[in-house]
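Quick note: the coordinates plus some simple rules give every number you see, no bench work behind them. Just so it is clear, the structure is predicted and the values come from calculations on it, not from any experiment. Virtual Cβ from ideal backbone geometry, glycine too; neighbours counted across all protein chains shown.
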Amino acid sequence: MVDYYEVLGVDDDAPYDEIKKAYRALAKSCHPDYLGDKGHEICIMLNEAYQTLGDPDARANYNNKLEQALLDEDDNYTGQPLSKWMPTVKPAMAKNADPAERRAVFVDEFTCIGCKQCVWCASATFRIEPEHGRSRVWAQWLDDEEKIQTAIESCPVSCIHWVDKAELPALEYVMQHKMTERVNVGVMMAGQGAQMDVFASTASFMKERKRKEEARARANKYYSPQQEAARRKAAEELARQHLGFFAQFTSAFETAFAGVGNAVSTGNDTEELRQVGRRKRAAGKRWDWLEQQRARGGWMVPPERALVPISVYAESLRN
């Protein structure tokens with residue numbers, strides 16, 4: 001999903017007049033007189049952003065989709081296991097007997113009592129995480145199967161499980177990033193505090209991710225493959241351009257396409273400021289400055305014909 005606010009370089013709560021001013025400044029910059037045919041896709045993207053953010057109903061609908069995209073990015077779920085899969089990372093050190101081994105070992109940290117039995121049995125595989133003192137798998141198959149099985153059987157609360165390799169990334173992610181409210185071991189042993197099932201929580205997490213993916217797939221049907229290619233070409237073209245003051249917003253287009261999560265510098269790491277409508281840009285109002293220079297008679301030479309890089313000239317004007 002493209003972050004149109006980042007494309008135009010305005011805050012999420014920018015009024016219509018500010019959006020219009022930013023659009024006009026950028027639209028002049030990608031005019032064929034400056035970039036020729038190269039600016040065609042860029043202008044399409046700018047028009048798309050302006051038409052969406054300039055219409056109150058379209059903007060409200062877009063904000064809802066952008067909010068969900070931000071939540072998706074906040075998950076930081078990569079689909080990769082958090083423990084090291086030694087048969088791939090360092091095959092020479094892996095102790096798996098079967099080259100096509102699919103089994104992985106997983107610790108339900110919510111149930112673990114921190115007895116360290118598993119660490120004593122298979123010290124290369126298990127470690128004690130420092131925050132709550134529970135066992136955690138550090139590396140897969142850094143011990144042989146006999147040691148791992150002994151560790152599983154020695155666990156007094158049966159919190160260590162064999163799982164399929166494909167299930168491991170989601171289980172580890174939910175365990176370490178979703179089920180963060182742990183209780184004291186003594187409280188847990190007394191049957192008090194929240195009781196959570198990591199396998200059920202992981203199933204719910206994956207079901208919700210699938211729902212989001214299907215929703216995004218439906219939304220992507222709005223664009224034909226040719227249109228989507230043109231949108232990405234616009235970003236790639238700006239990424240290659242270092243002409244004039246285009247360098248000042250090349251990173252904005254790259255960020256808008258790369259992912260909405262890192263597009264905004266809030267200066268305050270709070271959930272409230274990460275919400276759409278509250279995100280602020282540290283480099284705001286940059287188009288006001290460009291417009292002032294243009295009004296003074298600057299930018300008369302097309303960037304591709306300039307003997308002095310316009311970015312250098314812009315810095316001299318600031319100084």
Exercise. Once the piece of chain linking Val183 and Lys207 is laid out straight, how much longer is it, given 0.36 nm per residue of separation minus the C-alpha distance between them?
Worked result: 6.0 nm
Exercise. Which FRET efficiency value, to the nearest 0.05, is calculated for His40 and Asp98 with the Förster distance at 51 angstrom and r the Cβ-Cβ distance?
Worked result: 0.40
For this session: Assuming R0 = 35 Å, can you tell me the calculated FRET efficiency for the pair Ala230 and Lys20, based on Cβ-Cβ distance, to the nearest 0.05?
Result: 0.90
Seminar exercise, completed: Length gained if Met196 through Ala166 is fully extended, taking 0.36 nm per residue and subtracting the Cα-Cα distance, is 8.6 nm
Seminar exercise, completed: Between Lys280 and Leu82, the two model label points (7 Å from Cα along the beta-carbon direction) sit apart by a distance in nm of 3.3
